[in-house]
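Heads up, the thing below is written out as structure tokens.
The values are calculated or read from the model by the stated rules, or taken from the named source; none is laboratory data. All of these numbers come straight from a predicted model, not from anything done at the bench. Virtual Cβ from ideal backbone geometry, glycine too; neighbours counted across all protein chains shown.
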Amino acid sequence: MELRQLEYLVALAEERQFTRAADLTGVSQSGLSAAIRSLEDELGTKLFDRTTRRVEPTEAGSALLPFARSMLGQAAAARDAVVHLSREVSGQLRVGAEQCLGLVDVPTTLERFHRRHPRVEVEFTQAGSEDLLGGIRERRIDVAFVAGTEHLGSLAGTRIGHEPLVAILPPGHPLGARTSVEHGDLARESFIDFHASWGVRRLNDAAFGARRVHRRVRFAVNDVHTLLDLVSRGLGVAVVPRHVAAKPQAASLTTVPLRGDAGPDWVVSLVTAPSAADSPAPHLVELVRDLPAYREADALPDTEAAALG
């Protein structure tokens with residue numbers, strides 16, 4: 001029984017689908033499935049019941065789950081304790097993040113950073129990605145978890161992962177029976193979207209604009225749950241990262257994929273400002289590289305060295 005297998009077990013039990021669990025753990029769906037089968041073979045019992053639409057833990061899987069979480073937590077704490085003793089870091093770190101990025105759990109990451117480096121004074125700001133990047137450029141923020149890459153310019157970034165955008169529709173919507181939609185199919189719809197500073201709004205504006213599809217954004221929000229609530233009340237449709245459509249609050253909505261060539265993926269990056277040599281920022285970058293969603297191949301090559309200070 002390996003820690004990586006337990007990590008896959010926990011992700012699959014929480015997400016109830018291979019696609020999302022694979023995204024979170026930074027592995028292919030086939031790799032995740034093979035690891036779970038190997039664990040089941042080792043233990044001599046099924047850990048999940050699989051259907052075409054959903055995956056559910058068996059009684060044995062549910063029994064193993066708390067022990068898996070405990071072992072993963074102890075392993076992370078052990079690594080953090082070693083880092084804390086071997087490298088004493090102090091100073092101030094101003095961190096920003098857009099809400100509900102999906103591919104990274106920002107509060108958990110900050111908790112681990114604090115455990116590793118308790119002498120660092122962390123300040124946190126939540127805002128849209130465009131506003132956060134403005135704070136980076138003006139030296140008001142040291143590091144920020146943001147969505148998108150096209151607006152980074154010369155800023156240093158470490159890419160954490162990516163996932164596609166999907167359309168979410170009110171219950172009973174005529175397009176809900178389709179297997180996929182194009183931007184043009186949504187031209188006559190009223191839209192619910194985020195304010196202009198949010199990463200997904202920039203992606204949507206660019207994608208619809210590139211296809212010369214005019215859309216009407218009737219509701220602009222600064223909260224994911226408000227967006228889902230408005231869609232559920234039939235006030236419009238939305239195009240969001242896939243993890244938003246997987247939220248419990250979206251259970252009554254219909255999710256329809258955008259066609260394969262329908263535009264850029266949702267990309268999450270950690271962006272850093274040029275900083276002094278003794279800044280704690282590179283230590284947060286180091287921790288992010290240890291996250292399950294981080295993929296070595298996704299690193300931004302032109303800015304990698306700068307991100308590491």
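Results, tabulated for the structure shown:
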quantity	calculated
Residues satisfying the stated conditions in the stretch 10-49, i.e. under 17 Å from Leu65 (Cβ atoms), assigned to a loop (DSSP other than H, G, I, E, B) and either free of Cβ contacts under 8 Å to residues at least 24 places away in the same chain or of a type in the set (Phe, Trp, Tyr) (or both)	Thr45, Lys46
Top-ranked residue of the stretch 91-122 - restricted to ones that are within 30 Å of Gln249 (Cα to Cα) and among the charged types (D, E, K, R), ranked as surrounded by the most Cβ atoms within 10 Å (Cβ to Cβ)	Glu98
Selection from the stretch 141-195 of residues that are within 20 Å of the chain's Cα centre (by Cα) and of a type in the set (S, T, N, Q)	Thr149, Thr158
Residue match in the stretch 52-66 (condition: acidic (Asp, Glu) and surrounded by 12 or more Cβ atoms within 10 Å (Cβ to Cβ))	yes
Pairs, first within 20 Å of Ser269 (Cα to Cα) in the stretch 196-224, second among the hydrophobic types (A, V, I, L, M, F, W, C) and part of a helix (DSSP H, G or I), C-beta under 8 Å, six or more apart	Val224/Val244
Failed criterion for Glu123 (all others in (1) modelled with pLDDT under 90; (2) over 16 Å from the mean Cα position of the chain (by Cα) hold)	(1)
Within the stretch 22-51, considering residues that are at pLDDT below 80 and crowded, with 19+ Cβ neighbours inside 10 Å, the one farthest from the chain's Cα centre (by Cα)	Val27
Sole exception among (1) under 17 Å from the mean Cα position of the chain (by Cα); (2) at pLDDT below 90 for His225, by number	(2)
When residues of the stretch 265-297 are limited to those that are in a helix (DSSP H, G or I) and at pLDDT 80 or above, the one surrounded by the most Cβ atoms within 10 Å (Cβ to Cβ)	Leu284
Test for Val166: is it buried (at least 22 other Cβ atoms within 10 Å of the Cβ), within 30 Å of Ser190 (Cβ to Cβ), touching a Lys or Arg at 6+ places or on another chain (Cβ under 7 Å) and at pLDDT 85 or above	yes
Enumerated strands (runs of 3 or more DSSP E) restricted to the stretch 85-174, each holding at least 1 residues that are more than 28 Å from Ala75 (Cα to Cα)	120-126, 143-147, 156-163, 165-169
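Here's the yes/no breakdown for (1) within 25 Å of Thr272 (Cα to Cα); (2) in contact with a Pro (Cβ under 7 Å, 6 or more places away or on another chain):
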| position | (1), (2) |
| --- | --- |
| Phe113 | yes, no |
| Glu121 | yes, no |
| Phe145 | yes, no |
| Glu163 | yes, yes |
| His173 | no, no |
| Ser180 | no, yes |
| Leu186 | no, no |
| Ile192 | no, no |
| Asp205 | no, no |
